[in-house]
1. So, in the stretch 143-176, exactly how many residues are within 28 Å of the chain's Cα centre (by Cα) and in a helix (DSSP H, G or I)?
2. Could you run through the stretch 175-207 and say how many residues are surrounded by fewer than 23 Cβ atoms within 10 Å (Cβ to Cβ) and under 17 Å from residue 263 (Cα atoms)?
3. Looking at (1) surrounded by 14 or more Cβ atoms within 10 Å (Cβ to Cβ); (2) more than 26 Å from the chain's Cα centre (by Cα); (3) more than 17 Å from residue 252 (Cα to Cα), can you tell me which one residue 219 breaks?
4. Being acidic (Asp, Glu), surrounded by fewer than 20 Cβ atoms within 10 Å (Cβ to Cβ) and in a helix (DSSP H, G or I) is the filter here, so list the residues in the stretch 366-408 that pass it.
5. Residues that are within 26 Å of residue 239 (Cα to Cα) and touching a helix residue (DSSP H, G or I) at 6+ places or on another chain (Cβ under 7 Å): list the helices (runs of 4 or more DSSP H) wholly contained in the stretch 249-329 that include at least 3 such residues.
6. Looking only at the stretch 239-262, how many residues end up being of a type in the set (Lys, Arg) and modelled with pLDDT of 95 or more?
7. Filter the stretch 17-68 down to the residues that are in a helix (DSSP H, G or I) and charged (D, E, K, R) and list them by number.
8. Across the stretch 409-459, what is the number of residues that are surrounded by 13 or more Cβ atoms within 10 Å (Cβ to Cβ) and not in a helix (DSSP H, G or I)?
Amino acid sequence: MRAGRRWDARAGHESARHLADGLPASRVLSFEDPACWTALDHGVRHSAWYDPRAAARLSACPETALCHPDGRVREAALRAGLDAPAFWYLVVVRCADWAEAVRECARRLLAERLAAATEETLRTLTPLVLRVGRREQGTWARDRFEAALRTPPYPALAGLRDSRDTAARRLAARITLDEGLLGVRELARRAADDLDPASARWWSDAALAALADGAECGESVDVLLGARAPLVRSAGVTALRRAGRAAEAAAHLVDRSPLVRACARWLVSQDGGDPHARYLELCADPAGIAPYAMTGLAECGRREDAGLLRTFLTHPVAAVRAQATAGLRLLDAVPADRVLPLVDDPSAAVAREATRALLPLARRFPADLLFERLAPTRPVHTRRAAFRLLKEHGGLTELRAAVAVLTDPDPALRQNGAACVQERRWVDALQPVDPGVRGELEALLHQCTHLFSDFVMTVLRGRLGLRS
């Protein structure tokens with residue numbers, strides 16, 4: 001079984017060849033990946049269409065015969081049947097066939113299979129049914145599977161809620177919520193455990209609705225508060241008020257998520273507190289300060305707090321320095337002379353926040369000061385930060401920086417430099433070209449000739465007024 005493989009057109013072509021060579025489907029195909037079957041369908045059709053000898057070989061294999069470009073071969077394979085797991089997956093594909101005779105035959109077989117409405121059939125075939133449902137003739141199977149899934153006692157929903165396929169999980173979640181099959185505790189657990197943002201939101205919204213209708217809170221709120229997803233944690237903070245635990249909102253004022261912090265500030269205010277005053281209390285002890293206390297303080301939007309945040313720019317904890325910088329950026333009160341040294345900070349997170357804060361001010365700094373930080377001896381995060389700031393200068397400075405990093409030891413920085421040259425935003429800033437920089441411009445273009453075709457380079461030189 002080819003688990004984890006990317007099932008594109010090439011993989012489908014190779015699978016068709018292996019099946020025709022006699023390899024069993026269990027060794028060639030990934031039964032749990034719906035993309036496998038559509039890729040195989042495409043691969044067989046492409047292989048047999050232009051090669052008569054391949055067409056004959058593929059028609060002899062039961063799996064590939066069901067994907068054969070000749071509709072008569074596909075229909076015969078359907079009527080012959082195949083007592084193997086792969087058969088029913090390919091029947092689903094043929095339910096959306098472009099040939100009416102093949103399509104009707106496949107639909108009759110699948111309808112008979114669905115009449116039994118076995119849990120295994122619904123659980124294993126639903127992901128593929130949803131994928132094929134995007135085709136012009138795919139709605140027939142999709143509608144019937146959804147109707148079967150909505151029929152009590154809902155045998156396959158439990159398995160599909162934990163499916164590896166995102167579309168199947170979402171469908172199972174939607175049906176579960178429509179039918180009201182889960183209690184508030186299970187809804188909260190689903191919201192906390194689901195890694196899909198859309199599904200997690202559905203579960204958390206349903207849990208909040210159940211809590212609002214008077215369902216027992218207790219453990220459910222704690223489960224929401226302990227979730228990894230910020231959206232779910234914010235739902236837990238919102239639920240604290242309904243649970244009579246509004247006083248606990250203050251503990252979430254320093255959450256790493258802006259959404260959760262905003263919900264906590266709202267709940268503190270609703271409970272008669274002052275979020276701004278609480279943040280000032282949290283920032284009063286530099287030794288034990290939580291990094292996001294400063295970000296939350298800045299989110300309160302009072303410019304007079306900038307002085308307090310500036311005192312943390314030299315804090316021994318990197319996370320505190322980073323969030324102090326972020327807070328100053330939010331307040332639009334960045335002291336350029338004090339934040340620029342943070343580009344050289346040993347922490348990459350601090351350097352990134354400093355760069356974000358300095359981008360609007362980048363042209364204030366002499367280019368030479370930033371070019372020094374592109375030296376290979378500097379840490380890679382410092383070189384990346386300096387390059388981002390130099391790009392903001394535009395024109396010849398931007399081109400110099402991009403050419404300088406084309407030979408940088410860091411692959412990502414080299415790629416960014418090449419992309420900067422190829423985007424050619426620096427060209428407009430150079431026009432008209434100063435005669436005094438023509439020689440340097442010629443030398444820079446010579447170093448990046450490999451990034452353009454001859455035609456593009458000729459056009460580019462023409463725009464810059466340089467000889468071809």
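The values are calculated or read from the model by the stated rules, or taken from the named source; none is laboratory data. The structure displayed is predicted, hence computed values, not measured ones. Note that we place each Cβ from the backbone using ideal geometry, even for glycine, and neighbour counts take in every protein chain shown.
1. Qualifying residue count for the region: 16.
2. Adding up the residues that qualify gives 2.
3. (1)
4. 368, 372
5. Answer list for the stretch 249-329: 258-270, 275-282, 291-299.
6. Total meeting the criteria: 2.
7. 17, 27, 41, 45, 53, 57, 63 - these are the residues of the stretch 17-68 that are in a helix (DSSP H, G or I) and charged (D, E, K, R).
8. Looking only at that region, the number is 5.
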